[in-house]
Amino acid sequence: MNRICVPVCARGIDEMRDAIARAAEVADIIELRLDCLADLDAASQIIDQARSLGRPLIVTLRCAEQGGHSSIDYDSRRRFWSALKPHATDRFFDLEYDLVQDLSAGEEFQGDWRQVICSHHDFQGVPPDLERIYEAMAATPAGIVKIAVQANEASDCLPVFKLLERARREGRELIAIAMGAAGVMTRVLGPSRGSFLTYGSLDDESATAPGQLTARQLRDVYHIDRIDQETEVVGLVGDPVSHSLSPNIHNAAFAAAGLNAVYLLFQTQDVTQFISRMVHPKTCEVVWNLRGLGVTIPHKSTVMPLLDWIDPIAREIGAVNTIVVREDQLLGYNTDAQGFMTPLLNRFGPVKNARCAVIGGGGAARAALWALINEGANVVLFGRNGERAARTAADFSVLCEELSKADFAGFDIVVNATPLGTSGANQDLTPATAAQLRGVRLAYDLVYNPIETVFLREARAAGCDTLAGIEMLLAQGFEQFRLWTGKEPDIAVMRAAALSHRST
């Protein structure tokens, strides 16, 4: 069973009660984070109220050193657990490893040790002695072991998956999680690999650990209840990836097509290590049914030497955004070029002899340049990074100009192929202002989240027609889906998923 535990954390009694009622709607198990309460004396009534909702409970009083919200000291925590009369079978009790060691040596704790979760958190990274930590915790009388470590790279999830494999072989109940954006895959796949549960927050604001998805996302986007060890896995590798709408789009399309598949996010800076240790069939260290990858910033070019075969179009472009795992090989494709051109032709019409400006110099810019040149357009590249833009322009034999001095009057089409405007730190930025865009017929932003970017607003203020990046995302995603599955997705389902989950 793929259980979702929803942690409830609130300072006030009424807030806590309200959160518990909301959690009961989406949770298989509710965790009562008593360390969040301003008044710990209210713990008993909070527990009793939560029991009335008919969900199993985890009672937790986390210390600050292990990620808790209270400055409560060790002796006070020990007295709390010693005084508690935990006889009910519908409750679990999350105690830190040091407390489990001490309480199990005496007779202070009155509960059933089979209902105790012995936990350890490392918010810095994956400790080199993780296996030893697990062995020490497994040697306690606690019925369940919980280990949560910080993943700084996607490959940091490997020790977590290996620990789950070991616990399954040994018949030991284990909750194992890699925290942070790079560890999201363990939260989605963990239960199908034997993790006793996974954690999902009530909403984005109430997450109790880094990288924690919401319970609704786990159920409605990732369809966690359907995931098993046979589930085919695809996902997006890049840094950053948390803004991506691709999980919403592809998971909706998988469900509509009746496919046992899931689309995940793999945040990593070291793509070479990720491909070697978690992707390539000849060297992969994790047991999963990986079918392919989407590739985004900054890996579209650097991933190419790691592949066994590259489609001629992708090689001409100099960027791969799609990888297919076939038998023992990795095959590279570029669906960006077709994804870029299809909505442009639908909106603008033929671009032969059109004057086009492409802003950027990375993988998206290379796909746009290739596609426009292939359709007979006259293209000029404008770069933020002069050296990289000059190299890209030379590869495609086009003129390169500095973006800071750009005046786009006289251009038919201006394309933003930079990440400026993307949800997050860059969201309030634009590569061009209304003053620079006056006279342009169409402004095309390849940024898709948010759908309405500063660049598009500036373009409309300048009187330009606009084309949002969501159209390219859907068009290139359509081709990726075909490459991974051999089937055509329902584009209406993909569009509805993108629009219903967009960030504004």
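The values are calculated or read from the model by the stated rules, or taken from the named source; none is laboratory data. Just so we're clear, the structure is a prediction, and the values are computed from it rather than from any experiment. Cβ coordinates were reconstructed from backbone atoms using ideal geometry, including for glycine residues, and neighbour counts include every protein chain displayed. Surface accessibility is based on the protein's heavy atoms, side chains included, excluding ligands, DNA and RNA. Shrake-Rupley method; radii C 1.70, N 1.55, O 1.52, S 1.80 Å.
See the values below:
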{"quantity": "Residues of segment 304-321 that turn out to be touching a strand residue (DSSP E or B) at 6+ places or on another chain (Cβ under 6 Å) and crowded, with 24+ Cβ neighbours inside 10 Å, as a count", "calculated": "3"}
{"quantity": "Arg132 vs. criteria without any contact (Cβ under 8 Å) to a residue 12 or more places away in the chain, of a type outside the set (Val, Ile, Thr), out of contact with any Cys (no Cβ under 6 Å at 6 or more places or on another chain) and closer than 30 Å to Asp270 by Cα", "calculated": "yes"}
{"quantity": "Scope segment 347-365; condition open to solvent by 10 Å² or more (accessible area, probe 1.4 Å), farther than 19 Å from Glu471 by Cβ and not polar (S, T, N, Q); matching residues", "calculated": "Lys352, Arg355, Gly362"}
{"quantity": "Matching residues, segment 264-302, being without any contact (Cβ under 8 Å) to a residue 40 or more places away in the chain and either under 26 Å from Asp220 (Cβ atoms) or out of contact with any His (no Cβ under 8 Å at 6 or more places or on another chain) (or both)", "calculated": "Thr272, Ser276, Thr283, Cys284, Thr302"}
{"quantity": "Restricting segment 143-157 to residues that are assigned to a loop (DSSP other than H, G, I, E, B) and either touching an Asp or Glu at 6+ places or on another chain (Cβ under 7 Å) or open to solvent by 20 Å² or more (accessible area, probe 1.4 Å) (or both), the residue that is nearest to Gly238 (Cα to Cα)", "calculated": "Glu153"}
{"quantity": "Selection count, segment 41-95, where residues are over 15 Å from Ala27 (Cβ atoms), among the polar types (S, T, N, Q) and within 34 Å of the chain's Cα centre (by Cα)", "calculated": "3"}
{"quantity": "Subset of segment 91-142 [part of a strand (DSSP E or B), modelled with pLDDT of 95 or more and among the basic types (Lys, Arg)]", "calculated": "none"}
{"quantity": "Search result, residues across segment 181-207 that are touching a strand residue (DSSP E or B) at 6+ places or on another chain (Cβ under 9 Å) and more than 22 Å from Thr268 (Cβ to Cβ)", "calculated": "Pro191, Gly194, Phe196, Leu197, Tyr199, Gly200, Ser201, Leu202, Asp203, Asp204, Ser206"}
{"quantity": "Residue ID - most open to solvent (accessible area, probe 1.4 Å), chosen from residues in segment 262-299 that are under 30 Å from Gly361 (Cβ atoms) and among the hydroxyl-bearing types (Ser, Thr, Tyr)", "calculated": "Thr272"}
{"quantity": "Of the criteria (1) farther than 19 Å from Ile4 by Cα; (2) touching a helix residue (DSSP H, G or I) at 6+ places or on another chain (Cβ under 8 Å), which one Ala139 fails", "calculated": "(2)"}
{"quantity": "Unmet requirement for Gly125, which otherwise passes all of (1) touching a strand residue (DSSP E or B) at 6+ places or on another chain (Cβ under 8 Å); (2) touching a residue at least 40 places away in the same chain (Cβ under 8 Å); (3) not basic (Lys, Arg)", "calculated": "(2)"}
{"quantity": "Residue in segment 176-199 that is of a type in the set (S, T, N, Q), in contact with a helix residue (DSSP H, G or I) (Cβ under 7 Å, 6 or more places away or on another chain) and in a loop (DSSP other than H, G, I, E, B) present", "calculated": "no"}
{"quantity": "Residues of segment 423-446 classified as of a type outside the set (S, T, N, Q), in a loop (DSSP other than H, G, I, E, B) and touching an Asp or Glu at 6+ places or on another chain (Cβ under 6 Å), total", "calculated": "1"}
{"quantity": "So Val233, is it over 18 Å from Ala497 (Cβ atoms), touching a residue at least 12 places away in the same chain (Cβ under 8 Å), open to solvent by less than 30 Å² (accessible area, probe 1.4 Å) and touching a His at 6+ places or on another chain (Cβ under 7 Å)", "calculated": "no"}
{"quantity": "Ala215 vs. criteria aliphatic (A, V, I, L, M), in contact with an Asp or Glu (Cβ under 6 Å, 6 or more places away or on another chain), crowded, with 22+ Cβ neighbours inside 10 Å and over 29 Å from Gly486 (Cβ atoms)", "calculated": "no"}
{"quantity": "Residues that are among the acidic types (Asp, Glu) and in contact (Cβ under 8 Å) with a residue 40 or more places away in the chain, drawn from segment 457-504", "calculated": "Asp465, Glu471, Glu479, Asp490"}
{"quantity": "Single residue of Ile491, Ile451, Ile470 found to be at pLDDT below 95 and either among the β-branched types (Val, Ile, Thr) or surrounded by fewer than 16 Cβ atoms within 10 Å (Cβ to Cβ) (or both)", "calculated": "Ile451"}
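For every residue, the table says whether it meets (1) open to solvent by 10 Å² or more (accessible area, probe 1.4 Å); (2) touching a Ser or Thr at 6+ places or on another chain (Cβ under 7 Å); (3) hydrophobic (A, V, I, L, M, F, W, C).
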position: His121; (1), (2), (3): yes, no, no
position: Pro141; (1), (2), (3): yes, yes, no
position: Pro159; (1), (2), (3): yes, no, no
position: Arg166; (1), (2), (3): yes, no, no
position: Gly171; (1), (2), (3): yes, no, no
position: Ala181; (1), (2), (3): yes, yes, yes
position: Val188; (1), (2), (3): no, no, yes
